[in-house]
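A short worksheet on the structure shown next.
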Amino acid sequence: MIRLMVKSIIEFVMGILETVVFIASIFLVIYLFIVQPNQVKGASMENTFHDKEYIFTSKISYKFSPIKHGDVVIFKSPKNNEIELIKRVIALPGDTIMIQDETVFVNNQPMTESYIKNPTQVIVGGAALDGEPIKIQPGYMFVMGDNRGGSSDSREFGQIPDSLLVGQVVYRYFPFNTMGIIKNPLSFLPIVVFPQVA
């Protein structure tokens with residue numbers, strides 16, 4: 001009788017453990033290959049995102065569709081690959097970008113950026129100079145924070161290689177009053193296929 005009880009308890013516990021391991025495996029696969037949660041740190045993307053907000057980053061979006069102007073992305077910092085940054089894609093391979101008199105020009109066209117917190121200025125000692133055009137190389141992109149006065153971005157450290165890209169920010173899940181799908185304000189612009197680099 002006791003043996004049967006012990007056996008039943010062991011089978012019950014093993015059943016729970018198998019379920020836990022199975023669920024944990026699913027979450028691990030999702031986290032490693034499909035989507036990962038991120039916390040926004042700092043003010044570089046205000047007023048679109050604020051410090052301590054929580055978002056989901058899709059790791060597979062760009063396997064099915066090309067990156068677009070205006071997408072918000074997570075990438076590894078070129079200064080320290082252990083740090084992940086959140087910025088908006090402004091220019092893609094083949095584009096020419098220029099910042100002049102606080103206006104951003106892409107392919108000689110001034111951008112209308114309703115999402116920025118303050119005017120765009122170059123960063124002293126950075127990679128972008130006022131009035132100097134920059135040609136975006138294959139396999140690279142030019143990113144900036146929406147809070148142009150408080151963002152370390154491509155104006156400072158230059159073009160970002162696609163090898164540093166983690167994924168596209170697709171959903172904000174906290175705070176609850178702002179949760180929802182992240183819309184691209186520049187989705188009307190032409191789509192540029194992101195070249196693959198070996």
S114 versus (1) over 21 Å from the mean Cα position of the chain (by Cα); (2) in contact (Cβ under 8 Å) with a residue 12 or more places away in the chain: which is the lone unmet condition?
(1)
Could you check how many residues of region 66-106 are loosely packed, with under 13 Cβ neighbours inside 10 Å and either closer than 20 Å to G139 by Cβ or not assigned by TED's automatic domain parsing to the domain that holds V143 (or both)?
2
Tell me yes or no: at least one residue of region 143-152 is hydroxyl-bearing (S, T, Y), at pLDDT 95 or above and under 18 Å from A43 (Cβ atoms).
yes
Counting only residues in region 133-143 that are more than 16 Å from the chain's Cα centre (by Cα) and in a strand (DSSP E or B), the one farthest from Y62 (Cα to Cα) is identified as I134
Residue pairs within 8 Å by beta carbon, gap of at least six or interchain, first lying in region 136-154 and without any contact (Cβ under 8 Å) to a residue 60 or more places away in the chain, second surrounded by fewer than 21 Cβ atoms within 10 Å (Cβ to Cβ) and basic (K, R), listed first then second, are R148/K117; G149/K117
Does region 53-64 hold any residues that are over 11 Å from R172 (Cα atoms) and either loosely packed, with under 13 Cβ neighbours inside 10 Å or touching a Lys or Arg at 6+ places or on another chain (Cβ under 7 Å) (or both), and which are they?
I60, K63, F64
From the option list D130, D146, single residue qualifying as assigned to a loop (DSSP other than H, G, I, E, B) and either among the aromatic types (F, W, Y) or surrounded by 14 or more Cβ atoms within 10 Å (Cβ to Cβ) (or both) is D146
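The values are calculated or read from the model by the stated rules, or taken from the named source; none is laboratory data. Keep in mind that what you see is a predicted model, and the values were worked out from it rather than measured. Here the Cβ is made from the backbone with ideal geometry for all residues, glycine too, and neighbour counts use every protein chain on show.
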